[in-house]
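Since the structure comes first, as structure tokens, the remarks are kept for the end.
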Amino acid sequence: MHAFDSQPRTRIIFGADGLASLGDLAVQAGAHKTLLVSDRGVIAAGHTQRGIDALRAADIEVTVFDDFGENPTTKDVQKGVAVAQACAPELLIGLGGGSSMDCAKGINFVYTNGGTMHDYLGVGKAKQPMLPMFAVPTTSGTGSETQSFALISDAETKVKMACGDKKAACAVALLDPVLTLTQPVQVTALTGIDALAHALETYVTTARTPMSQMFSREAWRLLSSHLASVLDDAQDLEARGGMQLGACFAGLAIENSMLGATHALANPLTAEFGLIHGQAVGVMLPHVIRYNGVQCGDWYQELLQCQGGELAGYQGVNQLADWVSGLLSKAGLKQCLADCGVQREELARLSEDAERQWTAGFNPRPVSAADLYELYCQAF
């Protein structure tokens, strides 16, 4: 059993129409001015304006930053820092999907501690206190609201940098499942598969602890029970709530145990070929489950049995991997790398990049570049 030191830093508030409380929460934090980071899709859906209205009703001055992409880059962060320097916020708010929350965290690093995002690659590089931050997720995927990491892509190399520091953990995670009702079906699928992978990977990593396992199990139970339902009925608020909580708990699991080979394999696919993260994760996940099952099949079986639904009768890693593949099909996602536009001759180079990914070192069954190459070949 692993020893651990867990200090929860994020207040989690869950409930339909909770966005209306954003202004009161900002007042409780002692803020008068805030920088709200929100992507343009969320702005178009009207959620950002509702957040602004709630803040202004509480006499909070709001500046909005939306000039960033789906995978926020170092340049995006620098643009956001310039906006922060002009408005001098006392509170940061990331309202949107993982990109909004990650970009807000990145801005927080550089605005409060100086330098560039490259200075914070790794863990614990921030020397000065950071601004309090609220996270208001509009998707059910990354779990960024309960993590102290910002994932920022190098603008030149496109490589995702994991920049972590406990000071970057959000003060508040405001979970309002109503905000997720407007997600397009594909976004629901892509983010849902990512969250499901978080639950499965965190449960078996070498860094797992009793605390992380608790969050992984509950995340798995919620996500595996509700993902198919939201794919069938996008307006099922109960299922949307289950997905949002599941993604949040999976984020807490990551914070306590890290990820594994699936994400190590997925990141180079995003960097080199522009695959959406959830698509890259979905393609690789069934193959990693089978690979890891040689060593930790019993752990996967524990998850199957704790689901309590149809999966309780499943036996073995092959059935679990097949079930994940079936979800990809149901969601309309691609199931092989060839269909994603990846060239076979690039797999060897990609496997070397995957071996260098931080999460590869936490996979329960050790992975070399040769092992990762074989996994890419299986997915091709």
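The values are calculated or read from the model by the stated rules, or taken from the named source; none is laboratory data. Keep in mind it's a predicted model, so treat the numbers as computed, not measured. Cβ: placed from backbone, ideal geometry, glycine included. Neighbour counts: every protein chain shown.
The criterion of being without any contact (Cβ under 8 Å) to a residue 60 or more places away in the chain and either surrounded by fewer than 19 Cβ atoms within 10 Å (Cβ to Cβ) or at negative phi (or both) does not hold for Q357. Residues considered: G316, G341, G293. Of these, the only one that is at pLDDT below 95 and farther than 28 Å from V187 by Cα is G316. Among the conditions (1) aliphatic (A, V, I, L, M); (2) in contact (Cβ under 8 Å) with a residue 60 or more places away in the chain; (3) outside the structural domain of G278 (by TED's automatic domain parsing), A150 misses just one, which is (2).
Looking only at region 3-19, count how many residues are over 18 Å from A169 (Cβ atoms) and either under 22 Å from the mean Cα position of the chain (by Cα) or surrounded by 14 or more Cβ atoms within 10 Å (Cβ to Cβ) (or both). If you could, list the steps in order and put the result at the bottom.
Within region 3-19, the subset over 18 Å from A169 (Cβ atoms) is 3, 15-19.
From what is left, the residues that are either under 22 Å from the mean Cα position of the chain (by Cα) or surrounded by 14 or more Cβ atoms within 10 Å (Cβ to Cβ) (or both) are 15-16, 18-19.
Total meeting the criteria: 4.
I'd like to know if region 287-308 contains one or more residues that are closer than 30 Å to L121 by Cα, in the same structural domain as A234 (by TED's automatic domain parsing) and hydrophobic (A, V, I, L, M, F, W, C). Among the residues of region 287-308, at least one is closer than 30 Å to L121 by Cα, in the same structural domain as A234 (by TED's automatic domain parsing) and hydrophobic (A, V, I, L, M, F, W, C), which makes the answer yes.
Counting the residues of region 1-30 that are out of contact with any helix residue (DSSP H, G or I) (no Cβ under 9 Å at 6 or more places or on another chain), assigned by TED's automatic domain parsing to the domain that holds D67 and among the small types (G, A, S) gives 2.
Only residues that are crowded, with 16+ Cβ neighbours inside 10 Å and part of a helix (DSSP H, G or I) were counted across region 360-373, and they come to 7.
To keep it simple, each residue is scored yes or no on (1) at pLDDT below 95; (2) among the aliphatic types (A, V, I, L, M).
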site	(1), (2)
T142	yes, no
L151	yes, yes
A162	yes, yes
A197	no, yes
T205	no, no
M211	yes, yes
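Quick check: is even one residue across region 126-134 surrounded by 24 or more Cβ atoms within 10 Å (Cβ to Cβ), outside the structural domain of A354 (by TED's automatic domain parsing) and in contact (Cβ under 8 Å) with a residue 24 or more places away in the chain? Within region 126-134, one or more residues are surrounded by 24 or more Cβ atoms within 10 Å (Cβ to Cβ), outside the structural domain of A354 (by TED's automatic domain parsing) and in contact (Cβ under 8 Å) with a residue 24 or more places away in the chain. Which condition number in (1) modelled with pLDDT under 95; (2) crowded, with 22+ Cβ neighbours inside 10 Å is the one that Q307 fails? All conditions pass for Q307, except number (2). Quick check on A104: is it crowded, with 22+ Cβ neighbours inside 10 Å and out of contact with any Gly (no Cβ under 6 Å at 6 or more places or on another chain)? No.
The set of residues in region 58-81 that are crowded, with 21+ Cβ neighbours inside 10 Å and either of a type in the set (D, E, K, R) or touching a Phe, Trp or Tyr at 6+ places or on another chain (Cβ under 6 Å) (or both) comprises D76, G80, V81.
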